[in-house]
Amino acid sequence: MNIHEYQAKTLFEKYGVPVPKGAAAKTAEEFATALATLPEGPTMVKSQIHAGGRGKGTFTDGYKGGVKFCKTKADALAIAGKMLGNTLVTIQTGPAGRKVQTVYFTVASDIKKEYYLAILLDRASSRPVIVASTEGGVEIEKVAHDTPEKITKVVIDPSYGVADFQLRQLIAALELTGNEAKNAAKLIKNLYTMFWETDAAMVEVNPLITTPAGDVLALDAKVSFDSNALYRHPEIVALRDLNEEDPKEIEASKYDLAYIALDGNIACLVNGAGLAMSTMDIIKHYGGNPANFLDVGGGASKEKVIAAFKIILGDTNVKGIFVNIFGGIMDCNVIAEGIVEAVKEVGLKLPLVVRLEGNNVAKGKETLAASGLALVSGDTMADAAQKIVKLVA
Amino acid sequence: MSILITPATKILVQGITGAFGAKHAQLSLDYGTQLVAGVTPGKGGQFFEHAGHKVPIFNSVHEAAAATGATVSVIFVPPPFAGDAILECVDAGLDLAVCITEGIPIKDMIRVKRAITGKKTRLIGPNCPGLVTPGNGEKSNGGCRIGIAPGYIHRKGHVGVVSRSGTLTYEAVFQITSKGLGQSTSVGIGGDPVNGTSHLDVIKLFNEDPDTKGIILIGEIGGSAEVEAARWIKDHCKKPVAGFIAGATAPAGRRMGHAGAIVGGAEDTAAAKIAVFQECGIEVAATPTDMADALLRAAAKKGVSLA
């Protein structure tokens, strides 16, 4: 689960990670109140959406830049009006962009130098890793590719936490001394505590900055949380912004279906995450384009299959459906009955290819054949995939 | 032979009184697996009864293992308690803990993995289908079925299967069985980013198992476990190996059902992993339908019979 920058910074402050003073506003009426909490002077106005590349983004009405520097609060007030309610397109949002529903004002900090800092899971060691670089404010993927020696990774023993010698390693890698070193060490330690205590999946600060006064501040904040751990963090669940999520994905989660919308036109309904991924792959392999990832899970009931059909048909790009089920324990006939009922209920007019295999498959195929539905049967995944690609083309 | 488990292996079930655990305990008993004990704290002294079987239930893994000689546990307890269940197996000194539970917080698994490092007990999973060593009976009955995989699609034979994904494991097993071949053991290591046993760990066991003549390695996007396994295979494994990677079309940054199936960087894409497979002499299955055929091609190249 992702949260907005302004929410992340509130968490940062709670854990003693310094950030520039800021205030968020959700309506134009709130602009003045938010700005009143900040001192007069240079102010940043930042569109709050769950996507990177905001500064270089363009609004759908042609206005450029989702993050702006303003010399005065009065300027900031005017600029915020251009952003709120407007739709911002960045390299990460896709062409549809995201509607800006919150604007965040912060004091514009004097920047001496920019750095990069992140904490995430190191899969190789199954431990948290702190990543730091002197190259901040730029794309870290590019730094990792062009100058990997400028990135330092320190793996943390989860039973001990961040050791002092590891802080010294990180500070040395960031080439900080004196007060800056002290402040950065404290910030890193506090950021790790936040990462660990909140069950964060990733915390990224890009850039982390030093100021001429010797302060170290998190100028940006990107935080995501492990969705498996949300049950023990109601305070974090409260930060969820449903405006940032695909309505079809929200609907799917109500039925415990794993659904992710994609941009193709062949909808998939599959049991099992691995099989669902490879169903998308095989459609592409034969020249088609998957419209979604959809895993109905191991214990798919008739109700789940019906809900799944409704969700995939809610996508107007869909021109055909591919049902791919390997019924290991699950009875193929139960799935077949679910499909028949779902199709009758939703009144399907699109081509449907069904590949059933596994437990009680003969009876399942019989049920499909006896239903009189205009569906096409596939023998193997490959056969079924070729059929649906052809039908949609 | 087989790896990790044989038809004689005695297993216990943690969470046998829950609906999911009970259903799969029944299926394992039907398959002929030596399922000798259940563990549910507070229900010690009761019995789990199914089709003439009367399986004693204990309050702790310690008691269950001491009383029945079980050496392997399969864990079906809910996510908030699953980490604890794993630690209990380790404390009881079992050989193997297989955690089926899906949705365990990553932090819990980070701590569990740290705590079990260097201990005797091997962990498989979590979020995995478990493992099957097929038996001699009809539809491979009489084998050892640990977890949630369908037993009947197996056939006793000489192909080792290792995969992160449940249904893709079944696809591979079914294809092998449909070709008249069989499996030594099929192992689902689970789709979480932090798990107990890696692809490479299982590959090493298959490589040493004289009864395994060929291996199917099924991976996914995310992480570098498949790459690590492939490089080891290149240097150490003489047996034919076929590989498949799911998620070629998955967009970066989106979690594809499995907590571990997410593309973070250039290294963990399907294309990158497939390239390493090819470079390491692993026969790549172009589609999931092609997994058994890919292994047959690999075996033919090496002049190995999988029968």
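The values are calculated or read from the model by the stated rules, or taken from the named source; none is laboratory data. Values in this document were obtained by computation on a predicted structure and should not be read as measured data. We place every Cβ from the backbone using ideal geometry, glycine too, and count neighbours over all the protein chains shown. SASA here: full protein model, heavy atoms, side chains in, ligands and nucleic acids out. Shrake-Rupley method; radii C 1.70, N 1.55, O 1.52, S 1.80 Å.
Counting only other residues whose beta carbon sits under 9 Å from that of A:Ala267, what net charge do I get with K and R as +1, D and E as -1?
0
Would you look at the GNM of chain A, springs on alpha carbons closer than 10 Å, and say which of A:Asp220, A:Asp263, A:Asp199 moves the most?
Evaluated over chain A, the most mobile residue of the options is A:Asp263.
Whole-Hz Karplus ³J(HN,Hα) for the range A:4-14, in order, using 6.51 cos²θ - 1.76 cosθ + 1.60 and θ = phi - 60°, x for Gly and Pro?
7, 4, 5, 6, 4, 5, 5, 4, 3, 4, 4
Compute the convex hull volume of the Cα atoms of the protein assembly as shown, divide it by the residue count, and report the result per residue in Å³ as a whole number.
Spread over its residues, the Cα hull of the protein assembly as shown gives 163 Å³ apiece.
Can you check what the net charge comes to around B:Asp211, using other residues whose Cβ is under 12 Å from the Cβ of B:Asp211 (Lys, Arg +1; Asp, Glu -1)?
+1
Which values, in whole Å and largest first, are the semi-axes of the equivalent ellipsoid of the range B:115-245 obtained as the square root of 5 times each eigenvalue of the Cα gyration tensor?
Gyration-tensor ellipsoid for the range B:115-245: 22, 17, 14 Å.
Could you give the accessible area per residue of the range A:249-331, probe 1.4 Å, as a whole number in Å²?
30
For the protein assembly as shown, what proportion of DSSP beta bridges, expressed in % and rounded to the nearest 5, is antiparallel?
For the protein assembly as shown, the DSSP antiparallel bridge percentage is about 55.
What does a probe at A:Asp331 reach in the range A:341-372, counting residues whose amide N is under 18 Å from the point 7 Å along Cα→Cβ?
Residues A:341-342, A:356-371 fall inside that zone.
Could you check the spin-label model distance between A:Val237 and A:Ala32? Points 7 Å from the Cα along Cα→Cβ, value in nm.
3.9
Evaluate the relative contact order of the range B:118-273 (contact order divided by residue number), counting alpha-carbon pairs under 8 angstrom at least 6 apart; express in whole percent.
Once normalised by length, the contact order is 21 percent.
May I ask you to give the percent of accessible area on the range A:260-393 that is carbon plus sulfur, with a probe radius of 1.4 Å?
The computed percentage sits at 51.
Please list, in order along the range A:71-76, the HN-Hα scalar couplings obtained from phi with the Karplus expression 6.51 cos²θ - 1.76 cosθ + 1.60 (θ = phi - 60°), rounded to whole Hz, x for Gly and Pro.
Taking θ as phi minus 60°, the curve returns 6, 9, 5, 4, 4, 4 Hz for the range A:71-76.
Where Lys and Arg each count +1 and Asp and Glu each count -1, what net charge lies around A:Asn289 among other residues with Cβ under 13 Å from its Cβ?
-1
Ordering B:Ser165, A:Ser377, B:Ser198 by how much accessible area each has at a 1.4 Å probe, largest first, what is the list?
So the residues, ranked largest to smallest area, are A:Ser377, B:Ser198, B:Ser165.
Give me the percent of accessible area attributable to carbon and sulfur for the range A:22-68, probe 1.4 angstrom.
60
Using label points projected 7 Å from each Cα along Cα→Cβ, tell me how many nm separate A:Lys150 and A:Glu249, to one decimal.
3.2
With N set to the number of residues, divide the alpha-carbon radius of gyration of the range A:189-276 by 2.2 N^0.38 Å and report two decimals.
Here the Cα radius of gyration is 1.50 times the empirical estimate.
Averaged over A:219-230, how many beta carbons belonging to a partner chain fall within 10 Å of each residue's beta carbon?
So the per-residue partner count for this stretch is 3.
Kindly rank B:50-59, A:210-219, B:74-83 from highest to lowest mean number of other beta carbons found within 10 Å of each residue.
Final packing ranking: B:74-83, A:210-219, B:50-59.
Dipole magnitude of the range B:180-307 about its Cα centre, charges +1 at Lys/Arg Cβ and -1 at Asp/Glu Cβ only, in debye to the nearest 20?
Dipole about the Cα centre, nearest 20: 260 debye.
Give the cross-link partners of A:Lys189 among the lysines, using a straight C-alpha distance below 18 Å as the criterion and excluding same-chain residues fewer than 8 apart.
A:Lys9, A:Lys14, A:Lys153, A:Lys222, B:Lys107
Over all residues in A:10-22, what is the mean tally of Cβ atoms on other chains that come within 10 Å of each residue's Cβ?
Across the residues of A:10-22, the mean count of other-chain Cβ atoms within 10 Å is 0.
To the nearest 10 degrees, how steeply does helix B:270-279 sit against the main Cα axis of chain B, on a 0 to 90 scale?
It works out to around 70 degrees.
Counting partner chain Cβ atoms within 10 Å of every residue's Cβ in A:115-128, what's the average?
Neighbouring Cβ atoms belonging to other protein chains average 4 per residue here.
Quick check: from the Cα gyration tensor, does the range B:1-68 come out rounded (a/c under 1.5), prolate or oblate?
Oblate, because a/c is 1.5 or more while a/b does not exceed b/c.
What are the semi-axes of the equivalent ellipsoid for chain A, taken as the square roots of 5 times the Cα gyration tensor eigenvalues, largest first, in whole Å?
Gyration-tensor ellipsoid for chain A: 47, 25, 18 Å.
Between A:Asn86 and B:Lys301, what FRET efficiency follows from the Cβ-Cβ distance if R0 is 60 Å, with the result rounded to 0.05?
For R0 = 60 Å, the calculated efficiency reads 0.50.
Charges on Cβ only, +1 for Lys and Arg, -1 for Asp and Glu, centred on the Cα centroid of the protein assembly as shown; of A:Gly264, B:Val194, A:Leu11, which one is farthest towards the dipole's positive end?
A:Gly264
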